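> Attaching a single structure in structure tokens format; questions to follow.
The values are calculated or read from the model by the stated rules, or taken from the named source; none is laboratory data. Keep in mind that this is a model prediction, so the values were computed, not measured. Reconstructed Cβ throughout: ideal geometry from the backbone, glycine too, with neighbour counts over all protein chains shown. Ligands, DNA and RNA are excluded from the accessible area calculation, which covers all protein heavy atoms including side chains. Shrake-Rupley method; radii C 1.70, N 1.55, O 1.52, S 1.80 Å.
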Amino acid sequence: MAIEQKDAESPIEVHKLADHKITEEAREAINLEHQLTFWEAVDLYPKAILWSMYFSLGVIMLSFDPQLLGNLYAMPAFQKDFGYKYRDGYLISAAWQTGLSMGNPIGQVLGALAAGYPMEWYGRKRTFLACVAAVGGLIFIQFFARSLKVLLVGELIGGLVLGAFVVIAPAYASEVSPLVMRSVATSYVNLCFVTGQLLGNGVTAATKGLTSHWAYSIPFSLQWFWVLLILPGMYFAPESPWWLQRQNRIPEAEAALRKLSSPKVNVKVVLAQIIETDRLEMQMQAGSQYRDVFRAVNWRRTEIAIGVYSTQVLCGIYLINYGTYFFNLAGLNTDQAYNMGIGFMAIGWVCTVLSWWLMHRFGRRTLYILGLALMTVIMFLVGILDCIPRKGSLWAESGLLLLWNGIFDWSVGPVAYAIFCEVSATRVRSKTIAVATAVQALVGIVMTVAIPYLINPDQANLRGKLGFFFGGLSVPCLVWCWFRIPEMKGRTYEELDVMFERDVGTREFGGYVI
């Protein structure tokens with residue numbers, strides 16, 4: 001086989017091999033990928049699935065932190081220790097809620113963009129290890145914080161590191177998973193988001209009755225559990241074969257593929273496809289720097305990645321981060337508000353798992369657009385119900401938001417990760433994901449500033465009327481999605497490179513024949 005030769009020491013010589021022999025092997029690999037069924041992929045690539053799940057564990061920490069913070073605003077002990085006297089209780093001011101909640105998205109902007117460099121210099125594995133170790137140290141700031149200023153520092157610095165996880169996890173998952181498993185592996189990132197949110201709701205619901213600082217210190221300390229769970233596995237984790245191939249470390253890439261697959265898989269053929277795809281992108285001049293993300297050859301792909309990810313925020317997901325606090329302000333007592341928050345995330349968890357089958361059956365475009373359309377209608381209904389208050393309307397609004405969250409987690413939530421991993425060129429995947437994450441976080445900063453002032457009783461006190469706000473933002477997002485999101489189900493990365501190079505129309509992607 002051509003890949004076994006020492007020609008791998010020179011990228012030029014590798015490309016010569018690709019021209020003569022690897023092209024046929026790549027074609028064989030593409031045909032095999034198209035023929036592979038879901039359960040055959042599970043049988044052939046069980047270790048790839050498990051390792052992609054392992055690298056996604058950092059996302060649980062990323063989502064746990066802001067969800068935890070949003071719930072603490074409704075916790076009596078936290079309100080008393082960090083807030084001011086308001087009516088019969090205590091309240092964290094809108095200004096401080098904004099400041100604290102901005103730590104995570106601001107950190108994500110900088111952390112996501114910064115992660116693109118070490119991921120290309122040192123690989124996915126070493127970058128992930130460094131970030132997990134850093135988070136383990138930074139948790140001490142949150143745990144020992146006894147003032148809003150110290151807590152703000154912990155949230156801001158912690159967000160810098162946590163922001164890298166949302167770049168590392170989908171990039172790694174998309175690079176180690178076979179075609180038929182790609183939607184599951186990448187959308188599993190959304191399941192980790194929901195898991196972190198569910199755990200944040202569950203932990204704070206369990207400690208909300210404590211009257212000492214342990215009511216919020218215990219939830220902060222539980223973040224160490226994930227650090228201790230992840231670190232021992234780093235020694236055994238395989239590096240991404242796509243990254244190793246780009247570093248011209250062909251034997252190591254082949255070894256990584258062996259670690260990720262069963263002995264039944266012909267890893268030389270798989271490696272040939274990786275080399276061929278990289279060669280094609282070099283011919284297209286796709287580049288591998290941040291500036292290449294915005295070049296003409298990649299811009300359409302970058303726009304789609306940014307659009308589908310930012311729509312998550314614009315359609316209202318940040319309101320869910322304030323779910324428990326929202327229900328508390330809307331009139332539910334503390335126990336009811338926390339129980340509703342847990343119900344939110346439990347429904348979301350089940351619906352994310354459901355999305356795996358739905359994406360395999362209906363594809364990305366249909367699922368994303370249908371889900372967003374339904375969510376837009378629901379948001380307007382929530383706003384209307386809040387304008388005509390009557391007995392039972394509070395529970396009706398809560399039920400509609402529960403339904404909204406369920407739809408989000410079988411459509412816009414998980415499908416966005418599948419789309420922005422598939423749409424990006426392999427050479428700039430980590431940087432495309434980083435840019436999309438940074439833009440989404442910037443939109444999130446705007447929401448983080450706005451929501452406390454829109455929702456707090458000492459400010460606008462809009463409550464359910466926020467449905468009009470998010471419903472209105474969802475309409476232009478829906479129009480954009482109709483005209484810009486292509487169907488990429490069942491396409492290999494090489495096929496997608498060709499289709500974008502040929503500028504295939506958005507609604508022609510599904511039936512396009514190469």
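> Does Gly111 qualify as being closer than 30 Å to Thr492 by Cα, at pLDDT below 85 and either in a helix (DSSP H, G or I) or of a type in the set (D, E, K, R) (or both)?
It is true that Gly111 is closer than 30 Å to Thr492 by Cα, at pLDDT below 85 and either in a helix (DSSP H, G or I) or of a type in the set (D, E, K, R) (or both).
> For the range 256-263, indicate whether the set of residues that are farther than 20 Å from Arg126 by Cβ, at pLDDT below 90, in a helix (DSSP H, G or I) and open to solvent by 10 Å² or more (accessible area, probe 1.4 Å) is non-empty.
no
> Let me ask you something else. With Gln440, Gln459 as the choices, which residue is of a type outside the set (D, E, K, R) and outside any helix (DSSP H, G or I)?
When all the criteria are applied, what remains is Gln459.
> For residues that are of a type in the set (Ser, Thr, Tyr) and in contact with a Ser or Thr (Cβ under 7 Å, 6 or more places away or on another chain), tally how many sit in the range 421-454.
Total meeting the criteria: 4.
> Surrounded by 21 or more Cβ atoms within 10 Å (Cβ to Cβ) and at pLDDT 85 or above, is that true of Thr426?
Against the criterion (surrounded by 21 or more Cβ atoms within 10 Å (Cβ to Cβ) and at pLDDT 85 or above), Thr426 does not qualify.
> Of the residues Ala450, Ala416, which single one is crowded, with 24+ Cβ neighbours inside 10 Å and of a type in the set (Gly, Ala, Ser)?
Every option except Ala416 fails the conditions.
> Pairs needed: first member in the range 164-185, within 16 Å of Thr127 (Cα to Cα); second member anywhere, modelled with pLDDT under 90 and outside any helix (DSSP H, G or I); C-beta distance under 9 Å; at least 6 residues apart or different chains.
Going by the 9 Å Cβ cut-off, the qualifying pairs are Ala171/Ser424.
> Right, another one. Name, by its number, the condition in (1) surrounded by fewer than 23 Cβ atoms within 10 Å (Cβ to Cβ); (2) within 15 Å of Val167 (Cα to Cα); (3) not acidic (Asp, Glu) that does not hold for Val443.
(2)
Okay, residues lined up against (1) part of a helix (DSSP H, G or I); (2) within 13 Å of the chain's Cα centre (by Cα):
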position: Val132; (1), (2): yes, no
position: Leu138; (1), (2): yes, no
position: Ile141; (1), (2): yes, no
position: Arg146; (1), (2): no, no
position: Leu151; (1), (2): yes, no
position: Ile157; (1), (2): yes, no
position: Ala171; (1), (2): yes, yes
position: Tyr188; (1), (2): yes, yes
position: Val194; (1), (2): yes, yes
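> Next question. Counting only residues that are under 26 Å from Pro170 (Cβ atoms) and open to solvent by 10 Å² or more (accessible area, probe 1.4 Å), how many does the range 192-212 have?
Final tally of qualifying residues: 7.
> Further question: Look at Glu175 and say whether it is among the acidic types (Asp, Glu) and within 15 Å of Phe420 (Cα to Cα).
Yes.
> Is it the case that the range 383-393 has a residue that's at pLDDT 90 or above and out of contact with any Cys (no Cβ under 9 Å at 6 or more places or on another chain)?
No, the range 383-393 contains no residue that is at pLDDT 90 or above and out of contact with any Cys (no Cβ under 9 Å at 6 or more places or on another chain).
Table: residues versus (1) acidic (Asp, Glu); (2) surrounded by fewer than 24 Cβ atoms within 10 Å (Cβ to Cβ); (3) more than 22 Å from Ala134 (Cα to Cα).
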| site | (1), (2), (3) |
| --- | --- |
| Ala185 | no, no, yes |
| Trp214 | no, yes, yes |
| Ile218 | no, yes, no |
| Trp226 | no, yes, no |
| Gln245 | no, no, yes |
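> So which of Ile60, Ile22, Ile30, Ile49 is modelled with pLDDT of 80 or more and open to solvent by less than 30 Å² (accessible area, probe 1.4 Å)?
Going through Ile60, Ile22, Ile30, Ile49 in turn, just one is modelled with pLDDT of 80 or more and open to solvent by less than 30 Å² (accessible area, probe 1.4 Å): Ile60.
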